[in-house]
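The next block holds one structure in the form of structure tokens; read it before the comments.
The values are calculated or read from the model by the stated rules, or taken from the named source; none is laboratory data. In this text the structure is predicted, and so the values were computed from the model without any measurement. Glycine also receives a Cβ, built like all others from the backbone with ideal geometry; neighbour counts cover every protein chain displayed. Keep in mind that these areas ignore ligands, DNA and RNA; they rest on the heavy atoms of the full protein, side chains included. Shrake-Rupley method; radii C 1.70, N 1.55, O 1.52, S 1.80 Å.
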Amino acid sequence: MASLDAFPITRKWPAHHPDRLQLYSRPTPNGVKVSIMLEETGLEYESHAVRFERNDQLSPEFMSLNPNGKIPAILDPAGPGGKPLPLFESGAILIYLADKTGQLMPRDAGRRYETIQWLMLQMGGIGPMFGQLGFFNKFAGKDYEDKRPRDRYVAESKRLLGVLERRLAGRAWIMGDDYTIADIATFPWVRNLIGFYEAGQLVGIENFPQVTRTLNAFVARAAVARGLEIPQRD
Ligand SMILES: N[C@@H](CCC(=O)N[C@@H](CS)C(=O)NCC(=O)O)C(=O)O
């Protein structure tokens with residue numbers, strides 16, 4: 001097994017088990033995608049808390065792995081060819097872990113791309129739009145007098161919930177009977193929209209019963225319950 005010493009991130013967050021996959025994260029909607037995936041697959045890993053209150057994500061050690069300065073990020077000592085693989089962007093990490101373990105991604109090539117398509121809708125649409133709605137509804141943006149930006153993100157979030165609602169009609173999960181990385185990417189964001197962002201009423205969540213039903217099934221999974229708490233908050 002190659003040493004991880006060449007990776008500056010291990011100076012700030014030492015690897016106590018360098019043979020295990022290293023996770024640098026925080027239990028936010030993007031962060032928990034990866035901890036839930038790791039819990040679902042059963043891969044051994046070591047998690048490290050990245051503290052935003054100390055701007056850890058902007059430290060040179062963290063930025064040496066992710067120049068974009070955002071969690072989650074991983075360092076897999078046993079990457080392709082047996083070499084360590086550093087990786088950032090939650091969608092890329094989910095695809096990597098699905099390929100590595102052969103889990104949570106359909107094997108059929110067509111269905112694999114269909115799963116990636118829904119994963120990309122989360123990455124490019126649901127995450128950014130719900131995130132902006134959170135800013136304008138709960139954080140600094142809520143004090144802005146001009147409500148047009150907030151209303152734009154409400155409308156776009158509702159539209160995206162409608163896309164999900166129609167997809168889930170008659171399906172247990174986004175990919176039907178297969179629970180996949182598309183669900184692991186999407187439902188932490190739906191949960192956050194209703195919970196932490198307190199925007200359930202604003203988007204009229206009662207109009208999206210299929211989304212709510214699938215969210216409930218998602219949070220009832222034991223691996224999801226564990227992943228939502230990793231890394232532990234201080
Ligand atoms: N597209 C990225 C987004 C990552 C992201 O926005 N992470 C947030 C937490 S959910 C973060 O690190 N925020 C810290 C900051 O902006 O300083 C991904 O999916 O990995």
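Comparing Ala222, Ala185, Ala109 in a Gaussian network model of the chain (Cα springs below 10 Å), the most mobile by mean-square fluctuation is Ala109. Mean separation of Cα pairs under 8 Å and 6 or more residues apart, divided by the residue count, gives the chain a relative contact order of 26 percent. The Asn207 and Glu145 beta-carbon pair, evaluated with R₀ = 30 Å, returns a calculated FRET efficiency of approximately 0.60. Of all DSSP-defined beta bridges confined to the chain, some 65% are antiparallel rather than parallel. In straight-distance terms, cross-link reach from Lys100 covers every one of the lysines whose alpha-carbon lies under 29 Å from its own, apart from those fewer than eight places away in the same chain; here that gives Lys12, Lys33, Lys70, Lys83. Split the accessible area of the chain by element, probe 1.4 Å, and carbon with sulfur accounts for 52%. Here Ser64 sits with roughly 60 square angstrom of accessible surface, probe radius 1.4 Å.
Label separation (Arg107 vs Glu53): 4.8 nm, computed from points 7 Å beyond Cα along the C-beta direction.
Backbone amide hydrogens, once placed in the peptide plane, bring His48 within less than 5 Å of Leu23, Tyr24, Ser25, excluding anything fewer than 5 places away on its chain.
Ellipticity at 222 nm from helices only: DSSP H runs of n ≥ 4 in the chain, each -39500 (n - 2.57), divided by the residue count, give -14500 deg cm²/dmol. Of all DSSP-defined beta bridges confined to region 18-90, some 60% are antiparallel rather than parallel. Think of a 1.4 Å ball rolled over the protein heavy atoms: the chain then has 47 Å² of accessible area per residue. Spin-label pair Met63-Lys83: with each label point 7 Å from Cα along the Cα-Cβ axis, the two points sit 2.5 nm from one another.
Using a 1.4 angstrom probe on the protein heavy atoms only, could you order Phe136, Phe7 from most to least accessible area? Before the final figure, lay out the partial values.
Values: Phe136 25, Phe7 45 Å².
I get Phe7, Phe136, largest accessible area first.
Taking the chain as a Gaussian network of alpha-carbon nodes connected by springs under 10 Å, the highest mean-square fluctuation of the residues Leu38, Leu97, Leu58 belongs to Leu58. In the chain, taking the dipole from charged Cβ atoms about the Cα centre, the farthest positive-side position among Gly195, Phe136, Ala98 is held by Phe136.
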